[in-house]
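The values are calculated or read from the model by the stated rules, or taken from the named source; none is laboratory data. Every value quoted in this text rests on a predicted model; they were computed, and no experiment measured them. Using ideal geometry, Cβ is built from the backbone for each residue, glycine included, and neighbour counts are taken over all protein chains shown. We work out accessible area using only protein heavy atoms, side chains counted, and drop any ligands, DNA or RNA first. Shrake-Rupley method; radii C 1.70, N 1.55, O 1.52, S 1.80 Å.
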Amino acid sequence: MLFLATCRLCSASATSAEMIRLRTFSTFKADFRWLFSLGLALSSIVDILITLCLCFLLQKNRTNSLSLDRIIDALILYTFEVGSLTCAGSITSMICWLTMNNNLIFMGLHFVIGKLYANSLLSVLNTRYELRRQRRVPAVNVESPQRRNSFQFYSPSMNSDIHLQHVQINVEKSVTYDHSA
């Protein structure tokens, strides 16, 4: 996997160097179409391999702990979703590059791929925070002595087997305005 990622980096570097050297896109497209296609293909392959390896490692590290297995299941699903999204972006860009010779639609999709990776990183960081928070406080029940309403805060994606409770919130507030002032 590391070898393929290195090849992808070399392909991207060579593509950039040739674009700068040739100075025209039409010449690059005629002479080095294969190089850019190789880079997109390697990017898709590396995304698939990373996703599969992460899912396999997470599945292998499952335990008999129900709470930890729920977290691992959520991470496996999340890994699959993020890996599929970035791979789909690369494949779509490659299809547009290979089939639509007279436009630059692939370029817009190619720019989106970088943003997908950045958003994936931010999502991973946010997910780590949420999982830590849920691990510390899995469910919070707050009861008021005046009202016997029970509030439960949870994340539906992490607790898919919890049955939702009906919660009713009544807010009563009186406001008096003095119009004589």
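Computed values, structure above
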| read-out | value |
| --- | --- |
| Of residues in region 59-74 being open to solvent by less than 50 Å² (accessible area, probe 1.4 Å) and under 15 Å from GLU130 (Cβ atoms), the one nearest to the chain's Cα centre (by Cα) | ALA74 |
| Conditions (1) closer than 30 Å to THR24 by Cα; (2) at pLDDT 85 or above; (3) of a type outside the set (Asp, Glu); number of the one not met by CYS55 | (1) |
| Top-ranked residue of region 125-142 - restricted to ones that are touching a helix residue (DSSP H, G or I) at 6+ places or on another chain (Cβ under 8 Å) and open to solvent by 60 Å² or more (accessible area, probe 1.4 Å), ranked as modelled with the highest pLDDT | ARG135 |
| Close pairs from region 16-31: first touching a residue at least 12 places away in the same chain (Cβ under 8 Å) and of a type in the set (D, E, K, R), partner outside any loop (DSSP other than H, G, I, E, B) and open to solvent by 60 Å² or more (accessible area, probe 1.4 Å), Cβ under 8 Å, at least 6 apart | GLU18/ASP31 |
| Test: SER90 is of a type outside the set (Lys, Arg), open to solvent by less than 50 Å² (accessible area, probe 1.4 Å) and over 30 Å from TRP34 (Cα atoms) | no |
| So SER37, is it in contact (Cβ under 8 Å) with a residue 12 or more places away in the chain, more than 15 Å from TYR117 (Cβ to Cβ) and assigned to a helix (DSSP H, G or I) | yes |
| Residues being of a type in the set (D, E, K, R), open to solvent by 40 Å² or more (accessible area, probe 1.4 Å) and within 25 Å of LEU85 (Cα to Cα) - total across region 1-51 | 2 |
| Filtered residues of region 13-27 (kept if modelled with pLDDT of 90 or more and either under 20 Å from MET1 (Cβ atoms) or among the aromatic types (Phe, Trp, Tyr) (or both)) | SER13 |
